Amino acid sequence: MTTQKITADASGTFALGDLPVHRIGLGTMRLTGSAAFHHGTPGDRERSLTVLREAVALGVNHIDTAAFYFSSLRSANELVNTALSPYPDDLVIAAKVGPYRDYHGEWGASARPGELRGHVEENLRQLGRDHLDVVYLRRMSQDSIAEHFGALAELRTAGLVRHLGISGVEPRHLAEALEIAPVVSVQNRYALDRPDPAGDELLRLCGEHGIAFVPFYTVAGEAGEHGATAAHDDTVLSVARAHGVSPAQVRIAWPLHQGPHVLAIPGTGDPGHLADNVAAGALRFTDGELARLAEARAQAG
């Protein structure tokens, strides 16, 4: 499978509210370091800028970022601003608020509802925007998200935020949020090798409500934020060989087959990997392959 000429439009489109995006996007966390944003050494700045510019050249128009994505020398938001401003008219930038890191990179307690405006404004400042297209409330340990999500809904009314999403949630939190304001997307960990009944239920509910479901760490396995896994089961390897692609591309493409409302935001700091990630959006599995992958996922539990 030739990857260099495949662009993000091959993945199809879905709308975040009134903002259409290609189903393959880009996560920025890995632009700030060799592994995750708070692990490893900072990546090469020019290479990170190249990834962002090449992503847009390949048709990516959905970028996921956050002010707390930074390492000792790199800020994801600053990289996005430097590489892409003035921003293309069709580019949708989604940011997350809720977690908090101080200037030394240490994690603090989750932001209180009254602090969320400051977090939104910090993302605006770093990105050079007057509003954010999508803001996710990243749930931390709180049982109810009503107060936090309500604070973001007020910022939406004030015009600082166009659309709202939630992240790291259970199905009950989606119901709670929908009682307060429209939700355009739900972002949760969801992967081929991690069976998750709650995630499956969220994916179903999002489809029923016309809400985007945006998995993260789809290529990570147990490694999580530390990077992509090198462990792939025989089914993934077999499907990859059949299509002439990498196992990572199979892992990126699999969630996209779970519904037209599913988006992908694979992250990378490598231009070569970027082209492969975008090309994964063009993969089309057979019914037999999907059945085999579903069986392998069930066995992984």
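The values are calculated or read from the model by the stated rules, or taken from the named source; none is laboratory data. Keep in mind it's a predicted model, so treat the numbers as computed, not measured. Note: ideal-geometry Cβ built from the backbone for every residue, glycine included; neighbour counts use all protein chains shown.
Here segment 266-301 is the region considered, the condition is being in contact with a His (Cβ under 7 Å, 6 or more places away or on another chain) and crowded, with 16+ Cβ neighbours inside 10 Å, and the residue that is farthest from Ala248 (Cα to Cα) is Phe285.
Given the criteria more than 19 Å from the chain's Cα centre (by Cα) and within 18 Å of Leu26 (Cβ to Cβ), does Asp143 qualify? No. You will find that of Ala153, Ala94, Ala177, Ala181, the residue that is hydrophobic (A, V, I, L, M, F, W, C), modelled with pLDDT of 95 or more and assigned to a strand (DSSP E or B) is Ala94 and no other.
Considered as a group, the residues in segment 214-247 that are touching a Pro at 6+ places or on another chain (Cβ under 8 Å) and either at pLDDT below 90 or closer than 17 Å to Pro266 by Cα (or both) include one that is surrounded by the most Cβ atoms within 10 Å (Cβ to Cβ), and that residue is Val219. Restricting attention to segment 283-300, the residues that are outside any helix (DSSP H, G or I) and either basic (Lys, Arg) or under 24 Å from the mean Cα position of the chain (by Cα) (or both) add up to 3. When the residues of segment 165-206 are filtered to those that are in contact with a helix residue (DSSP H, G or I) (Cβ under 6 Å, 6 or more places away or on another chain) and among the small types (Gly, Ala, Ser), the one that is surrounded by the fewest Cβ atoms within 10 Å (Cβ to Cβ) is Ala181.
Being polar (S, T, N, Q) and at pLDDT 95 or above is the filter; apply it to segment 49-89 and report the residue that is farthest from Met29 (Cα to Cα).
Applying the filter and picking the extreme gives Ser85.
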